[in-house]
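Participant: Sharing a structure here in C-alpha cells format.
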Amino acid sequence: MANPEKKTILIVDDEPDVLKYLTTYLEDNGFATISAVDGRDGFQKAKESLPDLITLDITMPEESGVRMFRNLQDDEKLRNIPVVIITGISSEFEHFIKTRKQVDPPTAYFEKPIDRSELLGKIKEILKMI
Amino acid sequence: MKTAGKTNSPEALQSLLKGQLFDIVPFGVAVIDRNMNIVTANHNFEEYFGKREKQHCYEVCKGLQEQCPQCNAKYTFEDGKPRVSDERGVDFHGRTCHYVVHVAPLFNDNGDVEYVVEMTTDMTETRIRQREYNLLFERVPCFVTIINRDFEIVRANEKFRNTFGDARGKHCYVAYKNRETTCPDCPAALTFKDGEERVATQTGVSQDGKETHYVVTTAPLGRSPGEVAHVIEISADISQVKELEKEMLDAERLAAVGQTVAGLAHTIKNLLMGLEGGMYMMDSGLQQVDPERIAEGWDVLQRNFDKTVALVKDFLSFSKGRLPVLKETDTNALVTSIVELYRDAAKKQDVELIHKKNKQKLTALLDPDGIEACLTNLVSNAIDAAMTREEGGARVTIRNYESENAVIFEVTDNGCGMDWEVKQKVFTTFFTTKASKGTGLGLLTTRKIVQEHGGSIEVDSEVGAGSTFRIRLPRERLELIAEEANKANSN
C-alpha cells in the first residue's frame with residue numbers, strides 16, 4: 001500500500017477487460033486498487049493486504065465468487081470488510097445469497113453492466129467518505 | 001373282504017359292477033317312470049337334490065308343480081331316443097344350479113320304454129367360471145383378440161371393439177393397423193410356429209385414425225400339443241405413456257432453450273461491461289490527453305467487438321433449430337473418423353488418443369453430422385484438459401458401446417478434472433475456463449444436439465484424476481424422434 005491516505009479496493013473478476021475498467025475508474029477517483037483473477041487469488045490477496053473494500057464477481061472459473069465470499073465470512077480478520085458483488089448473473093442470485101441464513105448478505109449488489117457513478121457513490125457511502 | 005380269486009371271473013366282475021356302478025359314477029342318476037315319478041336315484045343325485053323318492057322329477061329338480069313345458073323325458077318315453085339338454089334347477093340347499101341332463105331309455109322285454117334314466121352333471125361352478133372368464137375377457141383394460149392360423153380374428157373384446165371397431169372375420173393386420181399384408185415383425189406368426197409366448201411393441205391405427213401404441217403378448221391356444229390352432233393377443237395400451245414421453249421430450253427441449261437464453265444474457269452483460277470499460281478509457285484518455293490510455297481503451301473496444309462477433313457466429317450456428325436428420329449410422333466408423341481428425345493435433349500436444357471400439361459393428365439411428373459435432377467438441381475439450389496434466393502420459397479415450405438399450409459415447413481425459421462448482425456450470429451458462437479462447441457455447445451446443453436426439457449428457461469428474469463426458473441416446477427415443485421427423489416431412 002504505497003499511499004496510506006488512499007482507501008484500497010480489491011477487485012476480483014476473471015475478465016481482464018472488466019478488471020482494467022474498474023481499476024482505471026476507481027484509481028481515477030482516488031482509490032488504490034489491487035486486482036485478482038479468481039476467488040483463490042482474491043482470498044489470498046485479501047488476507048495479505050486487508051483492503052478497505054472488495055468488489056467481487058460471482059461466475060469465475062477456478063474458485064467462484066460464492067466460495068470466496070464464504071471464506072471471507074469465515075475469517076475473523078476479513079469478516080468485516082464490505083463486499084460489493086458485481087456480476088452478470090441475474091438478480092436471482094441476490095435473492096439466493098440473501099436468503100442463506102448461515103452467511104451475512106453482501107453489503108451491496110450490482111448487475112453488469114454497471115452504472116459507474118452509482119457504483120462510486122455506493123462505495124463512498126459504504127466507506128463513509130460522503 | 002373280497003379275495004382276488006372271486007373278482008377274476010367275468011361273471012363276478014359283472015355282478016360287482018351291477019352292485020356298485022350305479023353309485024360310483026361321477027354324476028347324479030335318477031330313474032323315472034311314465035308319470036315322471038322318481039323310482040330310484042343314486043347317491044350323487046340324492047346328495048345334489050336331496051332324498052326325494054316317489055316324487056315328481058320336476059318337483060325335485062326344479063321345484064315346479066307341473067311337468068316342464070319342454071320335457072325331454074316325455075319325448076324319450078315316446079320315441080325311445082336318448083337326449084341331452086342344459087337345465088336350470090334348484091338344488092338341495094335351495095340354490096339355483098345349472099346342470100346338463102343326459103336322458104336315456106330303459107326298455108322292457110317287450111321293447112317298450114319302461115323307465116327313463118336321467119343322468120345329471122353339475123355345471124354351476126363351470127358357469128360361474130365361464131362368467132368370470134367372459135367378464136375378464138371383455139372388460140380387462142387391454143385389447144384382446146383371438147386369431148386363427150389365417151390371421152383372422154375369431155373373437156375380440158370390448159376395449160378392442162371400442163378402439164378398432166368390430167373386427168370379427170377381419171384379418172388382424174387390417175383391424176389393428178389397416179395394413180394389406182401381415183406385419184413384418186409379427187409375434188403371433190412366431191407363436192403359431194413354435195407355441196412359445198412372445199412380447200412385442202407395436203403401433204396401430206384406431207378406427208378414428210389415431211395412432212395407438214401397445215405392447216402385445218401372444219400366447220398359443222390349442223387343445224393338442226402339436227399344432228397351435230389359435231393365438232390369443234393381449235395388448236396393453238401404452239399410447240398415454242408415449243404421449244407423456246413426447247411431452248417430456250418437448251419440455252426438456254424448452255428447458256434447454258431457457259437455459260441458453262439465460263446464459264446468453266450473461267455473456268452479453270460481460271461484453272457490454274467490457275465495451276463500457278473501453279469507452280470509459282477512451283473518453284477519459286481524450287480528456288486527459290493520455291495517448292497510452294486511448295490506445296488501451298481502443299484495444300479493449302476491439303477485443304470486445306471481436307468477442308461479440310464470435311459469439312453471434314456461434315450463436316447463429318447454435319440456434320439453427322433443425323430437427324436432427326436420423327440415419328442408420330455405424331457408430332464405430334463415426335468415432336474412428338473423429339479420432340483420425342484429431343490424432344495429429346493431439347500428438348503435437350503430447351496427448352495420446354485412444355478409440356475403444358464396440359466389438360461388433362454397432363449401428364444406431366442418429367444424426368451423424370450432429371453427433372459428430374458433439375464428439376468433436378468433447379474430444380477437443382478433452383485434449384485441452386489432458387494437456388493440463390502435470391506428469392506425462394496425457395491420454396484421451398473415446399468409447400462407444402450399447403447399454404440398457406441406449407447408445408453410449410464416452411470421452412475420458414486424465415487431465416486436471418473439475419471440482420463440484422465447475423461441474424455444476426459446464427452445461428448451464430456460457431461458461432468457459434479458457435478465458436478469451438472460448439465463447440462457452442461448445443458444451444451448450446453439444447447438449448442441445450444430444451437433447452434433440454432425446455438423449456442426455458452427463459459428466460463424471462474428479463479433481464486431479466480427469467473427466468468423463470457421457471452421451472446416452474436411448475434407442476426408444478431415437479425411434480420416436482425418427483417417427484416425428486418422418487411425419488413432419490410427409491406433412
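The values are calculated or read from the model by the stated rules, or taken from the named source; none is laboratory data. What you are looking at is a predicted structure, and each value in this text was computed from that prediction instead of being measured. Note that we place each Cβ from the backbone using ideal geometry, even for glycine, and neighbour counts take in every protein chain shown. What goes into the accessible areas is simple: the full protein's heavy atoms, side chains included, and nothing from ligands, DNA or RNA. Shrake-Rupley method; radii C 1.70, N 1.55, O 1.52, S 1.80 Å.
Participant: Would you mind working out the accessible area per residue for segment B:4-127, using a 1.4 Å probe, and quoting it in Å²?
Facilitator: Solvent-accessible surface per residue comes out at 62 Å².
Participant: Using 0.36 nm per residue of separation minus the Cα-Cα distance, give me the extension gain between B:Glu78 and B:Val205 in nm, one decimal.
Facilitator: Taking B:Glu78 through B:Val205 to full extension adds about 39.8 nm, to one decimal.
Participant: Next question. List the residues of segment B:260-280 that lose 50 Å² or more of accessible area once all protein chains are present, compared with their chain alone (1.4 Å probe, heavy atoms only, no ligands or nucleic acids).
Facilitator: Buried-area filter returns B:His266, B:Lys269, B:Asn270, B:Met273, B:Glu276, B:Tyr280.
Participant: Quick check: at a probe of 1.4 Å, how many percent of the accessible area of segment B:247-486 sits on carbon and sulfur atoms? Provide the component values of the computation, followed by the final result.
Facilitator: On the way: 6550 of 11890 Å².
Carbon with sulfur: 55 percent of the solvent-accessible area.
Participant: Could you sort B:Arg88, A:Arg40, B:Arg395 by accessible area so the largest value comes first, with the probe set to 1.4 Å?
Facilitator: B:Arg88, A:Arg40, B:Arg395
Participant: Could you check the simple spin-label distance between B:Val463 and B:Ala262, using points 7 Å along Cα→Cβ, in nm with one decimal?
Facilitator: A separation of 2.5 nm, rounded to one decimal place.
Participant: Continuing with this model, one more query. For B:Thr363 and B:Met279, what is the calculated FRET efficiency with R₀ set at 51 Å and r taken between the beta-carbons, to the nearest 0.05?
Facilitator: Plugging the Cβ-Cβ distance into 1/(1 + (r/R0)^6) gives 0.35.
Participant: Now for a separate question. Find the relative contact order for segment B:42-102 and round it to a whole percent, using C-alpha pairs within less than 8 Å whose residues are 6+ positions apart. The partial results should precede the final answer.
Facilitator: Working: 62 pairs, mean separation 17.4, N = 61.
It comes to 29 percent, rounded to a whole number.
Participant: Something else: What residues of segment B:258-283 lie in the reach of a label at B:Thr308, counting those whose backbone N is under 18 Å from a point 7 Å from the Cα along Cα→Cβ?
Facilitator: Residues B:264-283 fall inside that zone.
Participant: For segment B:469-491 and segment B:293-366, compute the distance between their C-alpha centroids and round to whole Å.
Facilitator: Each part's Cα centre sits 22 Å from the other's.
Participant: Taking the Cα centre of chain B as the origin and placing charges on Cβ (Lys, Arg +1; Asp, Glu -1), which of B:Asn37, B:Thr267, B:Leu341 is farthest toward the positive end of the dipole?
Facilitator: Farthest towards the positive end: B:Leu341.
Participant: On to the next question. Using a 1.4 Å probe, what is the accessible area per residue for segment B:140-237, in Å²?
Facilitator: Here the per-residue accessible area is 54 Å².
Participant: Which helices, taking whole DSSP H runs in chain B, have alpha carbons extending 30 angstrom or more along the helix axis plus mean Kyte-Doolittle at least 0.0?
Facilitator: B:239-287
Participant: Put +1 on the Cβ of each Lys and Arg and -1 on the Cβ of each Asp and Glu in the protein assembly as shown; which of B:Ile449, B:Val100, B:Asn400 then has its Cα farthest toward the positive end of the dipole?
Facilitator: With unit charges placed on the Cβ atoms, the residue in question is B:Val100.
Participant: Please tell me the relative contact order of chain B in percent, rounded to the nearest whole number, where contacts are Cα pairs under 8 Å and at least six residues apart.
Facilitator: Relative contact order of chain B: 7 percent.
Participant: Under a crude label model (7 Å from the Cα following the beta-carbon direction), how far is B:Val25 from B:Leu254 in nanometres?
Facilitator: 7.5 nm
Participant: Relative to the Cα centre, what is the charge dipole magnitude of chain B, using +1 at the beta carbon of each Lys and Arg, -1 at the beta carbon of each Asp and Glu, and rounding to the nearest 20 debye?
Facilitator: In debye, rounded to 20, chain B gives about 280.
Participant: Work out, step by step, the length gained on full extension between B:Asp86 and B:Asp112: first 0.36 nm times the residue separation, then minus their alpha carbon distance; give nm to one decimal.
Facilitator: Full extension of this stretch gives 6.7 nm more.
Participant: Can I ask one more? For the pairs B:Lys448/B:Lys487; A:Lys6/B:Lys307; B:Lys210/B:Lys357; B:Lys170/B:Lys242, flag any whose C-alpha to C-alpha distance is greater than 30 Å.
Facilitator: Those over the limit are A:Lys6/B:Lys307; B:Lys210/B:Lys357.
Participant: Just how large is the dipole of the protein assembly as shown about the Cα centre, in debye to the nearest 20, putting +1 at every Lys and Arg Cβ and -1 at every Asp and Glu Cβ? Numbers along the way, then the final one.
Facilitator: Details: 79 positive and 98 negative charges, 126 e Å.
So the dipole magnitude of the protein assembly as shown works out to roughly 600 debye.
Participant: First measure r as the distance between the Cβ atoms of A:Met129 and B:Ala295, then evaluate 1/(1 + (r/R0)^6) with R0 = 35 Å and state the FRET efficiency to the nearest 0.05. Before the final figure, lay out the partial values.
Facilitator: On the way: r = 32 Å, r/R0 = 0.91.
In this case the efficiency is close to 0.65.
Participant: Can you check what the net charge comes to around B:Glu352, using other residues whose Cβ is under 14 Å from the Cβ of B:Glu352 (Lys, Arg +1; Asp, Glu -1)?
Facilitator: For residues surrounding B:Glu352, the net value is +2.
Participant: Given Cβ point charges of +1 (Lys, Arg) and -1 (Asp, Glu) and nothing else, what value in debye, to the nearest 20, does the dipole of segment B:4-127 about its Cα centre take?
Facilitator: Charge dipole, segment B:4-127, about its Cα centre: 180 debye, nearest 20.
Participant: At B:Thr388 and B:Asp166, where each label point lies 7 Å from the Cα along Cα→Cβ, what is the point-to-point distance in nanometres?
Facilitator: Here the modelled spin labels are 7.3 nm apart.
Participant: Nearest 100 Å² is fine: what is the total accessible surface buried where chains A and B meet, probe 1.4 Å?
Facilitator: Chains A and B together bury roughly 2200 Å² of accessible area.
Participant: On to the next question. Just want the answer: with Cβ charges of +1 for Lys and Arg and -1 for Asp and Glu, which residue in B:Gly80, B:Tyr133, B:Pro69 is farthest toward the dipole's positive end in segment B:17-160?
Facilitator: Most positive-ward Cα: B:Tyr133.
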